[in-house]
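We did not get these values from a lab; they are worked out from the coordinates using the rules stated. Just so we're clear, the structure is a prediction, and the values are computed from it rather than from any experiment. Cβ atoms come from the backbone with ideal geometry, glycine included; neighbour counts cover every protein chain shown.
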Amino acid sequence: MILAPHEHVTLETPHGPMRTHVVRPAAPGRYPGLVFYSEIFQITDPIRRTAALLAGHGYVVAMPEVYHEFEPAGTVLAYDQAGSDRGNRWKYEKELASYDADTRAVLDHLKTRPDCTGVLGAVGICLGGHLAFRAAMEPAVRATACFYGTDIHKGTLGKGQHDDSLQRAEQIKGDLLMIWGRQDPHIPLEGRRIVQARLDEVNVRYEWHEVNGAHAFMRDEGARYDPELALLLYRDVLEFLHRTLAHCD
């Protein structure tokens, strides 16, 4: 599908205004909505391109700036050591409740848009994979795809580094797609098994993909990018979203 021009809206949250980028099909109509959570670097060019790919298959995609409490609207952190250090600093400075409030603000916005059916899903990459995992606990979210979500197995997201994501996993009522790189040092084998065991324990409906890829192998920039794997997995994600969201009303 041809896409409408990239837009942004400012959403009010308990922790201040949050710029949220939106990309959607240009054709008139109503489409399922996706909250799409970025890496720690915010709305970079690779994140924009992934959002465009999702939107082009018939979704309204909303991307919040995850560090709106700390950075001016529109801030993009560089894919370098300084950007990584800054992004990781904010990841552990932000209140866990603020992450969840951001999710609810985006979902509420999507539900009220005239171009959205109100059928909602979530997608996230890296930090965003964890945030999407938490978004899956929201009752309105019917399907969630998480790319190598960091910190889930350690429970270290947010200020104080003591999150409750695995404890709350039983609240996930929609379908879940989990994608991991086996050579990702941030989520080793033991970590992946902790997450999978918890999903089995609470009987979540999930699909599980482990591939031979490093951390950030989906990002179409940098030495770790694996375009062959990315293409295969984007197809899996799109099929998953189409099956779980596109036929809902």
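Treat every Asp and Glu Cβ in the chain as -1 and every Lys and Arg Cβ as +1, leave all other atoms uncharged, and give the resulting dipole magnitude about the Cα centre to the nearest 20 debye. Display every interim value, and only then the final one.
Working: 27 positive and 34 negative charges, 60 e Å.
I would put it at about 300 debye.
Rank these for me by crowding, Asp175, Asp200, Asp102, going from fewest to most other beta carbons within 10 Å. Display every interim value, and only then the final one.
Details: Asp175 21, Asp200 11, Asp102 26.
Ranked by crowding around the Cβ, least crowded first: Asp200, Asp175, Asp102.
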Separation between the Val76 and Asp115 pseudo-spin-labels, each 7 Å from Cα along Cα→Cβ, expressed in nm?
2.0
Sort out for me the Cα centre separation of the range 1-54 from the range 177-215, rounded to whole Å.
26
Bin width 5 Å, alpha-carbon pairs only: give the P(r) of the range 114-249 as whole percents, running from 0 to the bin holding the largest distance.
2, 10, 20, 24, 19, 14, 7, 2, 0
Any lysines with Cα under 16 Å of the Lys91 Cα? List them, leaving off those in the same chain fewer than 8 positions away.
Lys154, Lys159
Charges on Cβ only, +1 for Lys and Arg, -1 for Asp and Glu, centred on the Cα centroid of the chain; of Gly129, Val141, Leu77, which one is farthest towards the dipole's positive end?
Val141
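Would you calculate, for the chain, the mean residue ellipticity at 222 nm contributed by helices, counting each DSSP H stretch of 4 or more residues as -39,500 (n - 2.57) and dividing by all residues, to the nearest 500? Mind showing how you got there, number by number?
Numbers: 6 runs with 78 residues, N = 249.
Helix-only estimate at 222 nm: -10000 deg cm²/dmol.
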What distance in nm separates the two pseudo spin-label positions at Asp108 and Glu201, each 7 Å out from Cα along the beta-carbon direction?
3.3
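Could you grab the relative contact order for the range 7-246? Cα pairs under 8 Å, six or more apart, rounded to a whole percent.
Working: 495 pairs, mean separation 41.8, N = 240.
Rounded, it is 17 percent for the range 7-246.
Report D for the chain in µm² per second (integer): Stokes-Einstein, Kirkwood Rh on Cα pairs, 20 °C, 1.002 mPa s.
Working: Rh = 17.8 Å.
Rounded to a whole number, D works out at 120 µm²/s.
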Given the C-alpha centroids of the range 149-171 and the range 84-126, what is the distance between them in whole angstrom?
15
Here the FRET efficiency for Tyr225 versus Met1, based on Cβ atoms and R0 = 25 Å and rounded to 0.05, is 0.50
